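Chemist: Structure provided below as structure tokens; questions to follow.
Computed from the coordinates by the stated procedures, all read-outs in this text should not be read as laboratory data. Because the structure is a prediction, the values reported are computed rather than measured. Note: ideal-geometry Cβ built from the backbone for every residue, glycine included; neighbour counts use all protein chains shown.
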Amino acid sequence: MTEQDDITDMKKCRTGRRWMAGLLLGLGILLAGCGDRQSTAEDIAAPEDTQTDRIVVGFSQLGAESDWRSANTESMKSTFTKEAGYDLIFEDGQQKQANQIRAIRTFIQQEVDYIVLAPVTETGWDTVLREAKDAGIPVIIVDRKVDVEDDSLFTCFVGSDFELEGLKMSEWLNSFSISKGIAPEDIHIVNIQGNIGASAQIGRTRGLEQGVAKYGWDLLDQVSGEFTQAKGKEVMEAFLKKYDNINVVYCENDNEAFGAMEAIRAAGRTVGSDLAAGDIMILSFDGVSTESMDCVLKDEITCIGECNPLHGPRVEALIQILEEGRTPEKFSYVEEGLYAHDDTVTSVTVDDKTYRVQQVDSEIRNENAY
């Protein structure tokens, strides 16, 4: 059976579910009309919550650990509204895969039309995604990928290319250090990683490690900060006690960068890009809030790799393709920028493709904070 056959079968299942829902609603209206009094137009008008023409979407969000995640959730909620023709069932997984698996099984029982999953980690999804496929419900993966034996268990993916994000940041750091006359062996990096096993952590860590191997930087340590400000601060405090030569902190999201900044200042050190003067330079990813962009303006975060959280319209576009019986691209990646405090580096090149680096000013700050 081809992937197009799978999509056709799933569409038939969805049509059947909607037809049955309409039949049950019609029977209810008919029975209501068989009572002792005559039914009025008001009696037989279907109330809003029982309309059957809306598309039902079950969204399993992994949690609310960061500013990026909050923006991502809001994008989904503001897209899949009743006014737009959807019923959205939202479940917060609270950073636990077991909660997300339970939510998906509930969605299956509720016979939703589509399941959208932002997975907390890449592995461990084969069984429940098989259940969704057997039920004829398309699954759209957002933000982080899933590692499954059979790619037909999910319909498509939309999100960021996290390894590319890391590679672009590594190229920026190399160009910056060359322009400042800093030798590779004098770059001493600690990496505050995200949740271990998450796509963002895997890709951003891999991008850094490739830069280390290519340019010969000193990668002192890597520890998970769990994408949170509190854990980022805790990890940075430990790094500062363990190493006295740190001059670059590679944070795998902005919330970790905020925590690292607190720890650096509490230790009597300064954040910034003047490594020769003893600054510790912070590099980060996301750039979703005015706070993070303000940090770039002030050189508290010297460079941010954008990670666009506005997946709602992209997921809706995929659903409309499926509603038309067409096959969407299996993997859709979001185009993202690189934002820096100054114009020391104006572009980076990865795999023969050049990406612009924008210097943050007040206008860019206002345009790019979600």
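Chemist: With a sphere of radius 12 Å drawn around the Cβ of residue 173, what net charge do the other residues whose Cβ falls strictly inside it have (Lys, Arg +1; Asp, Glu -1)?
Modeler: +2
Chemist: Pairing the Cα long axis of helix 97-109 with the longest principal axis of the chain, what angle in degrees results, from 0 to 90 and rounded to the nearest 10?
Modeler: Here the helix axis deviates by roughly 20 degrees.
Chemist: Would you list, by chain and number, the aspartates and glutamates whose Cα falls below 16 Å from the Cα of residue 242, excluding same-chain residues fewer than 8 positions away?
Modeler: 218, 221, 234
Chemist: Counting every Cα pair in the chain, what percent are over 29 Å apart?
Modeler: 47
Chemist: For residue 310 and residue 53, compute 0.36 nm times the residue count separating them, minus their Cα-Cα distance, and round to one decimal in nm.
Modeler: Details: separation 257, 0.36 × 257 = 92.52 nm, distance 2.57 nm.
89.9 nm is the gain from fully extending residue 310 to residue 53.
Chemist: Of 88, 208, how do they rank once you tally other Cβ atoms within 10 Å and put the fewest first?
Modeler: In increasing order of surrounding Cβ atoms, one gets 88, 208.
Chemist: Once every DSSP H run of n ≥ 4 in the chain is given -39500 (n - 2.57) and the sum is divided by its residues, what mean residue ellipticity at 222 nm do you get, rounded to the nearest 500 deg cm²/dmol?
Modeler: Value at 222 nm, helices only, nearest 500: -13500 deg cm²/dmol.
Chemist: If each residue of separation counts as 0.36 nm, what is the full-extension length gain between residue 342 and residue 90 once their alpha-carbon separation is subtracted?
Modeler: Between residue 342 and residue 90, full extension yields 86.7 nm more.
Chemist: Got a sec to turn the phi values of the stretch 319-326 into Karplus ³J(HN,Hα) couplings, 6.51 cos²θ - 1.76 cosθ + 1.60 with θ = phi - 60°, whole Hz, x for Gly and Pro?
Modeler: After applying 6.51 cos²θ - 1.76 cosθ + 1.60, I find 5, 5, 4, 5, 4, 7, x, 9 Hz.
Chemist: Over 30 Å between Cα atoms, which of 96/298; 96/133; 145/180; 180/214; 82/168 qualify?
Modeler: Result: 96/298; 145/180; 82/168 exceed 30 Å.
Chemist: So, counting K/R as plus one and D/E as minus one, what does the shell of residues with Cβ under 12 Å around residue 344 add up to?
Modeler: My count for the surroundings of residue 344 gives -3.
Chemist: So, one more: Output the 0 to 90 degree angle, nearest 10, between the alpha-carbon long axis of helix 254-266 and the longest principal axis computed from the alpha carbons of the chain.
Modeler: It is inclined by approximately 30 degrees.
Chemist: Which of 333, 73, 249 sits closest to the plus end of the dipole of the chain, meaning its Cα is farthest towards the positive end, when Lys and Arg get +1 and Asp and Glu get -1 on the C-beta?
Modeler: 73
Chemist: On to the next question. Mind checking which aspartates and glutamates have their C-alpha under 14 Å from residue 77, skipping anything on the same chain fewer than 8 residues away?
Modeler: Correct list for residue 77: 87, 91, 92, 316.
Chemist: Near residue 276, within a Cβ-to-Cβ distance under 11 Å, what is the net charge of the other residues, with Lys and Arg +1 and Asp and Glu -1?
Modeler: Spelling it out: positives minus negatives among the neighbours equals -2.
Chemist: Also, quick follow-up: Would the stretch 217-313 count as rounded, prolate or oblate if I go by the C-alpha gyration tensor, calling it rounded below 1.5 in a/c and otherwise prolate when a/b exceeds b/c, oblate otherwise?
Modeler: Numbers: a/c = 1.92, a/b = 1.49, b/c = 1.29.
Because a/c hits 1.5 or more and a/b exceeds b/c, the stretch 217-313 counts as prolate.
Chemist: What order do you get for 331, 80 when you list them from fewest to most C-beta neighbours inside 10 Å?
Modeler: By the 10 Å Cβ count, ascending: 331, 80.
Chemist: Using 0.36 nm per residue of separation minus the Cα-Cα distance, give me the extension gain between residue 196 and residue 151 in nm, one decimal.
Modeler: 14.0 nm
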